[in-house]
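Have a look at the structure below, then the notes.
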Ligand SMILES: [Zn+2]
């Protein structure tokens, strides 16, 4: 149960972006998920990263009803992708429940990733999301304008922009296209002035909580790997930046995530 709650109803939070299928969690996945459940983190959206590892994610999602999988080709792992994997993705999704297509996007921050191939994969996966009427989970670094122009070529149902760190104007464009913006551990650092400003200025309906565990450890965190438990740290930080009550914030974040991914709330 989340501490900030004064009323009788315990707060319920969702980690809208974490990689609980990664081998980093093999040792203690069950204990971790149990601890999350006890502390009010009740659902996990877990996006896929490569064709080779979709079966691993499928298994974890079968083992835990609190894990909601999405499948996709993550730009970070570009060297492992082939264009044919998009066709394989379609077949995989037709045979296995997937709440979204993800994690997909453009990463211009890493210079060794071929932009042309990234764009081809993204466009093909956006077309698939359009065809299957699924939301998308986006990974975007230094590429918001290109991603926004690609999104405008389709009429997608929306999705999330994970670890959003664009401008307020770019945020507004994503919102117009039906997207929610994910904020995680990066915002807990005092130097993250821009992110904190976004979180306090954006409408509550625009924001979803995330951790990106095992990556993106929050500030003052002593463990070696990040876990979905730190969604509580992110939540507390958002409560500090906003004027609404913790209950209201928790309810809205959870409602936002459920709405985007058509989850039971
Ligand atoms: Zn991720």
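Since every read-out is calculated from the coordinates, none of them should be taken as a lab result. Not measured: the values here are computed from a predicted model. Using ideal geometry, Cβ is built from the backbone for each residue, glycine included, and neighbour counts are taken over all protein chains shown.
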Pairwise label distance in nanometres, residue 154 with residue 176, each label 7 Å out on the Cα-Cβ vector:
2.0
Length gained if residue 241 through residue 262 is fully extended, taking 0.36 nm per residue and subtracting the Cα-Cα distance, is 4.8 nm
Could you check the spin-label model distance between residue 35 and residue 88? Points 7 Å from the Cα along Cα→Cβ, value in nm.
3.5
The convex hull of the Cα atoms of region 1-151, divided by residue count, gives a volume in Å³ per residue of 139
How many Å³ per residue does the convex hull of the Cα positions in region 156-201 occupy?
61
Given all pairs of distinct Cα atoms, region 167-265 yields a Kirkwood Rh in Å of 13.9
Once the piece of chain linking residue 63 and residue 127 is laid out straight, how much longer is it, given 0.36 nm per residue of separation minus the C-alpha distance between them?
20.0 nm
Ranked from highest to lowest mean number of other Cβ atoms within 10 Å per residue, what is the order of the peptides 154-160, 69-75, 200-206?
69-75, 154-160, 200-206
Prolate/oblate/rounded call for region 211-265, Cα gyration tensor, a/c under 1.5 rounded:
oblate
What base-10 log of the normalised intensity I(q)/I(0) is obtained for the chain from the Debye formula, alpha carbons as equal point scatterers, at q = 0.09, 0.13, 0.15 Å⁻¹?
-0.36, -0.79, -1.08
Taking 8 Å as the Cα distance limit and 6 or more residues as the minimum spacing, I'd like the relative contact order of the chain as a percentage.
19
Once label points are set 7 Å from the Cα along Cα→Cβ at both residue 167 and residue 117, what is their separation, rounded to one decimal in nm?
3.2
Highest first, please rank the peptides 43-54, 230-241 by the mean number of other Cβ atoms sitting within 10 Å of their residues.
43-54, 230-241
